[in-house]
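Novice: The structure under discussion is supplied below as structure tokens; questions concerning it will follow.
Coordinate-derived values only; no laboratory data. Everything quoted here is computed from the prediction, not taken from an experiment. Neighbour counts run over all protein chains shown; Cβ positions are idealised from the backbone, glycine included.
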Amino acid sequence: MGRTLEDKREIVADLKETLSESTLALVIEYQGLTVSEISDLRRRLRPSGTVCKVAKNTLMGIAIQNDEKWQSMSELLKGSSAFLLVKEDFSSAIKAYQEFQKVTKKTELRGGVMEGRLLKEPDIKALGDLPSKEQLMAQIAGALNALATKIAVGINEVPSSLARALQAKAEKDGGGAATETAAETAAE
């Protein structure tokens, strides 16, 4: 039994909503995958904030019809299509798909769309080679920590340098206890 017109409208509305939250859409040829393999792909994609949708090309075509951001996807709508709609970490999503593809060898990446631009397989591979969101955050945190350490060392060095300069001056002048007390006060 076919889908009713109301079912199709709901599917299109769901696709539009998911697309509006997405930063990247990948289109794959999924013919030959079993239900358990599709479930495995979805499980692998979930941590990266990616949704795998299997929908008819005509319904996806209707969903992207008036949306410039996704319009170029229409070139990829042929055959059996599954859509990987990436909401957050596209690098992790691409890596998860590539791992899945190596294991099953049943899917083929047709291309993708990001910010209105049609992406071919080499473009998507380059995006997958970028560090993940977690790796970037760790790198930034490390850089900030190193900067804070350098600032703290620099701030602590000023009074010490001043104390050493006063000490040297006092020794040069042959000063007494009063100069040593001034140097100790500056060090604190």
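Novice: Once Lys and Arg get +1 and Asp and Glu get -1 on their Cβ, which of Ile62, Asn145, Ala170 lies farthest toward the positive end of the dipole of the chain?
Specialist: Ile62
Novice: Of the listed peptides 108-118, 7-17, 21-31, what is their order by residue-averaged count of other C-beta atoms within 10 Å, with the highest listed first?
Specialist: 21-31, 108-118, 7-17
Novice: How about Lys106: which lysines have a C-alpha closer than 25 Å to its C-alpha, ignoring those fewer than 8 places off in the same chain?
Specialist: Here the lysines satisfying the reach criterion relative to Lys106 are Lys53, Lys56, Lys78, Lys87, Lys95, Lys120, Lys125.
Novice: Using the crude model of +1 on Lys and Arg Cβ and -1 on Asp and Glu Cβ, and no other charge, please compute the dipole size for the chain relative to its Cα centre, in debye to 20.
Specialist: Here the chain has a charge dipole of around 920 debye.
Novice: Now, a different point. Hey, what's the Cα Rg ratio for the chain versus the globular rule of thumb, 2.2 N^0.38 Å?
Specialist: In units of the 2.2 N^0.38 Å rule of thumb, it is 1.86.
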